1. Quickly run through the range 163-174 and pick out the residues that are under 17 Å from residue 123 (Cβ atoms) and either of a type in the set (A, V, I, L, M) or touching a residue at least 40 places away in the same chain (Cβ under 8 Å) (or both).
2. Considering 190, 160, 123, 175, which residue is among the acidic types (Asp, Glu), closer than 23 Å to residue 213 by Cα and in contact with a Phe, Trp or Tyr (Cβ under 9 Å, 6 or more places away or on another chain)?
3. Filter the range 98-119 down to residues that are out of contact with any strand residue (DSSP E or B) (no Cβ under 9 Å at 6 or more places or on another chain) and surrounded by 15 or more Cβ atoms within 10 Å (Cβ to Cβ) and give me whichever is nearest to residue 44 (Cα to Cα).
4. Would you list the strands (runs of 3 or more DSSP E) that sit entirely within the range 120-230 and hold 2 or more residues that are closer than 29 Å to residue 258 by Cβ, over 18 Å from the mean Cα position of the chain (by Cα) and modelled with pLDDT of 95 or more?
5. Which count do you get for residues in the range 178-203 that are surrounded by 24 or more Cβ atoms within 10 Å (Cβ to Cβ), among the hydrophobic types (A, V, I, L, M, F, W, C) and farther than 15 Å from residue 144 by Cα?
6. In the list 241, 209, 164, which residue meets the criterion of being surrounded by fewer than 22 Cβ atoms within 10 Å (Cβ to Cβ) and closer than 20 Å to residue 264 by Cα?
7. Select from the range 248-270 the residues that are surrounded by 17 or more Cβ atoms within 10 Å (Cβ to Cβ) and hydrophobic (A, V, I, L, M, F, W, C) and write down the one among them that is modelled with the lowest pLDDT.
Amino acid sequence: MTTVTWTLSGFGDEIDADPAIQTAVLQALGAHAIEVRSAWGVNIVDLDDEQLGRLAGVLSERGMGVSAIASPVGKVDVALPVEHEVQRLRRAAAAAHRLGTRYIRLFSFFRGDGVAVEGIRDDVLVRMRALADVAEAEDLVLLHENEKDIYGDTPERCLDIVESVGSPALRLAWDSANFVQVGVAHPFDDGYAALRPHLEYLQVKDALSATGEVVPAGEGDGQVLQTLTALRDDGYTGFASLEPHLTDVNALGGFSGPEAFGRAARAFRTLTDRIGVTLA
């Protein structure tokens, strides 16, 4: 039987604000890559060139790869001008080039109170197309995350975005927990087959349907084991990025701390060991 290997990564700032500590903990858990959302408490799109260079030095010194730039692009109201997020994406692109990754995570926009989700579709697609144009020009790949309360929070609307934009530079990240939290009762059953042709990145967390609480992989209702098994059988060989959100969740992300992050990593490795996937 052929060995299937995925590259383990994780959101470093869920461990600590200091990239040196982020990297040390991830490497202790067997990860060879990091997903960069912030360093020293500063978001990746707000790091200046000197800070970006310092971050690159920390990662290079420790032999740590970068799986993706976890940008906040698209996590704003769709009423903002197109150029607002285009400029932030340009900063994320500069970080991607400096840190040696092709991937930038992004979102598909919030809407105002009382605004129907269907009512923002056209504005969302205009913005996603503009962002894809930037990525194409920069030879980068955008990974749309199915975040809560954005346009693309259900499998149907994720598919709508990626098919309507139709860019090779716009692909999908899969997050089981986020689907559960917006009422997708069975994420694998309800969305995997449709989204798999566009799926290029795995974010690892789970959640309970009853409360929305985020829990380690395999301990919730996100059908994580079924999803991992299907990815194995489909020949997926990409990144698996831990985003535990176990001790604090806020508008810009979450925090777990080293101990809870380790618990999440061990839960995920239990699942991958069970299905014969190697994490490297």
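The values are calculated or read from the model by the stated rules, or taken from the named source; none is laboratory data. These numbers come from a predicted model, not from an experiment. Cβ placement follows ideal geometry from the backbone for every residue including glycine, while neighbour counts extend to all protein chains displayed.
1. Across the range 163-174, the qualifying residues are 165, 170.
2. Result of the check over 190, 160, 123, 175: 190.
3. 98
4. Counting at least 2 such residues, we get no strands (runs of 3 or more DSSP E) at all.
5. 1
6. 209
7. So, considering only residues that are surrounded by 17 or more Cβ atoms within 10 Å (Cβ to Cβ) and hydrophobic (A, V, I, L, M, F, W, C), the one modelled with the lowest pLDDT is 255.
Matching residues to (1) over 24 Å from residue 234 (Cβ atoms); (2) among the basic types (Lys, Arg):
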residue	(1), (2)
129	yes, yes
139	yes, no
142	no, no
149	yes, no
152	no, no
162	no, no
189	no, no
